[in-house]
Amino acid sequence: MTTVSSGAGVVADAVIPAPVDLEPGEGVLDLTTVTIEAPDDVTARLAGELLAAAGAAVGPHDGVPVVLTPDPAAGPAGSESPERYTLTVTADGATVAAPGRAGLLHGVRTLRQLVNAGRGEAGGALEVGAVVVRDAPRYPWRGLSLDVVRHWFGPADLRAVVDLVGSYKMNRLHLHLSDDQGWRLDIPSRPALTKLSSEGAVSGAKGGFLSADEYRELQEYAAEREIVIVPEIDVPGHINAATHAYGELMPSGEATDSYDGIEVGFSKLSFDLPATEPFLRDVFTDVARMTLGPWVHFGGDEVLTMQADEFGRFVVLCQELIAEAGKTAVAWQEAAGPADDDAPDLVRPGTLLQYWDMRPDPAPFVRAAQVGARFVLSPADRAYLDMKYTPEHPLGQQWAGFVELRDSYDWDPAAVIDGLPESAVEGVSAAVWTETLLTRDDLFSMLLPRLAAVAETAWSRPEAKDWASFRVRVAVEAAAWRRDGAPYHPTPQIDW
Ligand code: TNX
């Protein structure tokens with residue numbers, strides 16, 4: 001794509017993630033006042049919020065028409081994605097056509113970026129050059145995995161994250177809700193989890209948790225924006241918050257001390273204790289019941305001191321409990337089991353495995369795919385947005401190396417796991433762990449601009465991706481971040 005100026009300061013090359021097809025036309029649309037027509041009130045309200053955030057005055061009468069219409073024929077030729085859309089801008093108005101609400105919102109998100117691009121940081125005229133955008137995602141799963149345990153981020157922060165994720169057309173927010181340091185979701189059948197273990201966080205920071213109502217409200221807020229919340233309860237390791245609340249989960253019968261460090265791999269459940277299976281059943285049944293989306297993540301990572309056989313029994317049981325509760329299981333890559341030809345298959349068809357650690361032999365993942373597992377890719381050297389940008393960066397970790405913006409951009413999800421067929425790739429998730437991130441500003445400065453790069457890697461096909469073009473588009477987008485006061489890291493890789 002090239003930068004297109006079709007009027008005073010009107011830039012068409014501003015869309016992140018890069019669309020399948022963008023064709024500039026003749027004329028300029030002025031969106032200073034807008035009247036939205038949509039198939040339902042929620043869609044109309046959300047479209048209005050997006051355009052108002054770009055500076056438009058949204059009212060019931062006499063504005064320029066922005067019309068959202070259900071249309072199964074919309075989108076790029078041949079696309080069957082339920083999220084596809086066509087945005088048409090002429091001098092007289094804008095239309096978004098899409099088979100479903102996700103596509104309608106995506107079209108408005110694209111329009112918002114086009115308006116922003118024309119306005120720049122100073123907030124100039126709300127003009128958009130005539131254009132037709134036909135667009136659809138490469139992968140159905142485009143997400144962010146967020147650790148709210150090591151440091152606690154409450155409902156207001158989480159809504160801001162939902163908005164950010166949505167602005168780049170991502171559709172999953174995976175919340176890491178339990179770990180050694182704290183338990184962040186009220187479980188009605190196991191009240192001691194939040195009663196005794198929600199206050200903790202790293203280095204004595206203040207904890208917190210989502211009540212059942214707050215969890216439901218957050219999911220509804222996300223669902224309106226076509227984003228699914230995926231809850232993770234991490235077992236059988238990363239479990240000290242639970243063993244602190246329920247001593248019966250320990251062989252000694254004694255509750256463990258609370259923990260506020262950042263070591264991993266030391267805590268675990270014991271499969272053969274009588275309290276263990278009822279605990280897992282209660283927790284996963286409650287979480288499934290409280291969850292609107294189809295997925296429940298059971299963790300399974302970094303259980304460094306457990307025999308493979310016991311670990312395997314946990315993997316099988318958790319998938320069974322989650323299936324009985326009517327959901328599809330997600331787990332970290334370790335749930336594929338060890339690289340041993342004689343080891344039994346642990347994963348069920350349809351289970352999603354989240355790949356993160358590039359170090360192990362890929363053979364178990366290829367085997368899991370043959371059994372029917374699907375993969376969400378979060379390779380730490382590309383998609384872990386808690387890695388430092390550079391050695392000097394004040395925040396973040398470095399166990400997977402440094403992840404500059406270009407590292408988070410220049411990779412192909414289909415080529416991450418040797419021997420894995422692309423048909424087994426469900427999508428991509430950025431991940432951000434919060435050991436070193438204390439505030440919303442800390443968090444956003446790690447996400448931006450890299451989240452935009454991962455979003456484009458998840459949405460755009462290789463032929464639509466281009467680093468030189470992305471550099472220009474990110475700089476255009478940053479004007480909106482500055483206007484909105486969203487903190488970002490001004491990496492020297494971009495001419496801001
Ligand atoms: C590895 S990623 C972990 C987390 C840490 C993260 C820090 C994964 C499944 N486990 O417990 O927070 O590294 O980057």
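The values are calculated or read from the model by the stated rules, or taken from the named source; none is laboratory data. Keep in mind it's a predicted model, so treat the numbers as computed, not measured. We place every Cβ from the backbone using ideal geometry, glycine too, and count neighbours over all the protein chains shown. We work out accessible area using only protein heavy atoms, side chains counted, and drop any ligands, DNA or RNA first. Shrake-Rupley method; radii C 1.70, N 1.55, O 1.52, S 1.80 Å.
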Over all distinct Cα pairs, what is the inverse of the mean 1/r for the chain, reported as the Kirkwood hydrodynamic radius in Å?
-> 23.3 Å
Over the alpha-carbon set of segment 78-125, divide Rg by the Kirkwood Rh and report the Rg/Rh ratio to two decimals.
-> 1.08
Would you mind working out the accessible area per residue for the chain, using a 1.4 Å probe, and quoting it in Å²?
-> 36 Å²
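Taking the DSSP beta bridges in the chain as the whole, what percent of them are antiparallel, to the nearest 5? Numbers along the way, then the final one.
Numbers: 20 of 65 bridges.
Given both bridge residues lie in the chain, the antiparallel proportion sits at roughly 30 percent.
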Per-residue SASA entry for Met250, accessible area with 1.4 Å probe, Å² rounded to 10 | 50 Å²
If contacts are Cα pairs under 8 angstrom and at least 6 residues apart, what is the relative contact order of segment 313-362 in percent?
-> 39 percent
Counting only protein heavy atoms, what percent of the accessible surface of segment 21-135 is carbon or sulfur at a 1.4 Å probe?
-> 53 percent
For all pairs of alpha-carbon atoms in segment 247-406, what percent lies in each bin of width 5 Å, listed from the first bin to the last filled one?
-> 1, 8, 15, 17, 18, 16, 13, 8, 3, 1, 0
Gyration tensor verdict on segment 21-135 (Cα atoms; rounded if a/c is under 1.5, prolate if a/b is larger than b/c, oblate otherwise) | oblate
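Order the peptides 292-301, 70-79 from the highest to the lowest mean number of other Cβ atoms within 10 Å of their residues. The partial results should precede the final answer.
Numbers: 292-301: 21.7, 70-79: 15.2.
Highest-to-lowest ranking by the protection proxy: 292-301, 70-79.
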For Glu334 the rounded accessible area (nearest 10 Å², probe 1.4 Å, non-protein molecules ignored) is 50 Å²
Two-decimal ratio, segment 20-73, of alpha-carbon radius of gyration to 2.2 N^0.38 Å | 1.24
To the nearest Å, what is the center-to-center distance of segment 236-261 and segment 396-473, using C-alpha atoms only?
-> 34 Å
Using 1/(1 + (r/R0)^6) with R0 = 45 angstrom and r between the beta carbons of Ala415 and His61, what's the FRET efficiency to the nearest 0.05?
-> 0.30
Length-normalised contact order for segment 276-348 - Cα pairs under 8 Å, 6+ apart - percent = 37 percent
Quick one, can you get me the convex hull of the C-alpha atoms of segment 129-229 expressed as volume per residue in Å³?
-> 125 Å³
Amide H neighbours of Asp386 under 5 Å, counting only residues 5+ apart in sequence or on other chains, H built in-plane at 1.01 Å?
-> Trp433
Percent relative contact order of segment 141-484, based on C-alpha pairs within less than 8 angstrom and at least six residues apart?
-> 16 percent
Assuming a viscosity of 0.890 mPa s and a temperature of 25 °C, what translational diffusion coefficient in µm² per second does Stokes-Einstein assign to segment 229-334, Rh being the Kirkwood radius over Cα pairs?
-> 175 µm²/s
Cross-chain or 8 or more residues apart, Cα under 25 Å: how many lysine pairs in the chain fit that? Count them up, please.
-> 9
Which value at 222 nm does the chain reach when only helices count, each DSSP H run of 4 or more adding -39,500 (n - 2.57), with the total divided by all residues and rounded to the nearest 500 deg cm²/dmol?
-> -9500 deg cm²/dmol
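Could you tell me which of rounded, prolate or oblate describes segment 315-392, using a ≥ b ≥ c as the square roots of the eigenvalues of the alpha-carbon gyration tensor, with rounded for a/c under 1.5 and, failing that, prolate when a/b is larger than b/c and oblate otherwise?
oblate
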Where in the chain are the DSSP H helices whose alpha-carbon span along the long axis reaches 20 Å or more and whose Kyte-Doolittle mean is at least -1.0?
-> 101-119, 276-290, 308-324, 467-484
Compute, for Val64, the solvent-accessible surface of its heavy atoms (probe 1.4 Å) with the complete set of protein chains present, and express it in square angstrom to the nearest 10.
-> 30 Å²
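If packing is taken as the mean number of other Cβ atoms within 10 Å per residue, what is the order of 227-237, 434-444, highest first?
227-237, 434-444
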Longest to shortest principal axis, alpha-carbon extents of segment 352-468, angstrom | 42, 31, 22
Tell me, how many Å apart are the Cα centres for segment 136-213 and for segment 340-382?
-> 25 Å
